[in-house]
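What follows is a short report on a single structure.
The values are calculated or read from the model by the stated rules, or taken from the named source; none is laboratory data. All values reported here derive from a predicted model rather than from experimental measurement. All Cβ positions, even for glycine, are placed from backbone atoms using ideal geometry, and neighbour counts span all protein chains on display. Remember, those area values only see protein heavy atoms, side chains included, never the ligands or the DNA or RNA. Shrake-Rupley method; radii C 1.70, N 1.55, O 1.52, S 1.80 Å.
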Amino acid sequence: MAEHVTIVEVGPRDGLQAEPAIVATADKIALVDLLSATGLTRIEAASFVNPARVPQMADGAAVMAGIARRPGIRYAALAPNLRGLEAAEAAGADEIAIFASASESFSRANINCSVAESLARFAPVLAAARRPVRAYVSCITDCPFEGRVAPGAVLALARRLHEMGCHEICLADTIGRAEPATLAQVLDLVTAELPPARLAGHFHDTGGRALDNISTALGYGLRIFDSAVGGLGGCPFAPGASGNVATGAVVAHLAALGFETGIAEAPLARAAELALRLTGRRPDGAANQSPDA
Ligand code: HMG
Ligand code: MG
């Protein structure tokens, strides 16, 4: 039997947060509902951050309230602090995602504090959380402001977040500049200390290497990967960050390598079609085109 790989769909959050246009709440709900019919078991559906900084995500509570929850699917939400945790749990998030950065400059740009301060902010979140907490480590190989990031900084942060009680550490190539060789340097260090079953990979596809990076991570035993329907995504605070690797491409890539994901092609294509229509993207990934163009 083919070995299973879990896909975490982040399009409704990482995808839509970076779109210049604000997608209507009802359309976000429709997108999550279509994704819920694909066989996905994990969907990051919302984010509870400062709405002045990410207006695209301001309606997280309404999105969480409006989706038709399917048994067996974990609906997650991003929370940067205690206030975000309270809002996410009140909205019924099954899992909380906190996010830290291996680079100081991106930490400042994204969450307005140093890496050490962010850990101090996350400690009470972990203590209070009633749901499992996943942690992102951004900029695992490259930072939009500092360039190359030392693998040791990634290990130190991942280790700390693991010790603090995060059930999963998601290693994120925020701006899509990782390559198999630079990723391998990180994974050599991190998998020597942390069990691969507790790690996930989150690859933006700016450099077109995301699928190669997934192959590399599979070689280190990782079996959980994030992707975004239609290849949406980015980060408003990471200049140059383009879309996450597309869910359909990851499913096909994994199938070709002999892994199964439980995700069905036709319903996923329907969700991708909606994602592209809502964001005015074309199927080739070009952004901000008129839907009719
Ligand atoms: P701060 O340090 O307090 O400073 O916030 P601030 O000026 O940015 O925000 C202060 C205001 O936010 C105050 O309101 C707070 O009440 C409010 P004001 O007095 O100005 O009216 N506030 C909140 N409002 C709603 N919900 C909250 C909340 N917390 C404070 N939870 C903070 C720090 C982190 C909150 C802020 O900087 C922020 O929201 N940043 C946005 C971060 C973000 O959403 N980034 C994108 C997601 S991360 C990502 O995409 C990377 C990832 O995909 C992995 C990868 O690819 O690397 C996960
Ligand atoms: Mg991201």
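The table below gives the values:
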{"quantity": "Options 46, 58, 62; residue that is farther than 24 Å from residue 204 by Cβ, modelled with pLDDT of 95 or more and not charged (D, E, K, R)", "calculated": "62"}
{"quantity": "Region 100-115, residues that are over 14 Å from residue 140 (Cβ atoms) and not in a helix (DSSP H, G or I)", "calculated": "112, 113, 114"}
{"quantity": "Residue ID - nearest to residue 110 (Cα to Cα), chosen from residues in region 33-48 that are of a type in the set (A, V, I, L, M, F, W, C) and open to solvent by 40 Å² or more (accessible area, probe 1.4 Å)", "calculated": "34"}
{"quantity": "Filter result for residue 108 (open to solvent by 40 Å² or more (accessible area, probe 1.4 Å), closer than 22 Å to residue 226 by Cβ and within 13 Å of ligand 1 (Cβ to nearest atom))", "calculated": "no"}
{"quantity": "Test: residue in region 54-70 that is more than 18 Å from the chain's Cα centre (by Cα) and among the basic types (Lys, Arg)", "calculated": "yes"}
{"quantity": "Filtered residues of region 11-26 (kept if open to solvent by 10 Å² or more (accessible area, probe 1.4 Å), assigned to a helix (DSSP H, G or I) and within 12 Å of ligand 1 (Cβ to nearest atom))", "calculated": "13, 17"}
{"quantity": "Region 197-216, subset away from ligand 1 (no atom under 15 Å from the Cβ) and aliphatic (A, V, I, L, M), residue least open to solvent (accessible area, probe 1.4 Å)", "calculated": "211"}
{"quantity": "Candidate set from region 116-137 (those that are open to solvent by 10 Å² or more (accessible area, probe 1.4 Å) and free of Cβ contacts under 8 Å to residues at least 40 places away in the same chain); member that is nearest to ligand 1 (Cβ to nearest atom)", "calculated": "117"}
{"quantity": "Residue satisfying all of: in region 71-85; surrounded by 15 or more Cβ atoms within 10 Å (Cβ to Cβ) and not in a strand (DSSP E or B); farthest from ligand 1 (Cβ to nearest atom) among these", "calculated": "73"}
{"quantity": "The one condition in (1) away from ligand 2 (no atom under 16 Å from the Cβ); (2) within 23 Å of residue 13 (Cβ to Cβ); (3) open to solvent by less than 10 Å² (accessible area, probe 1.4 Å) that residue 227 fails to fulfil", "calculated": "(1)"}
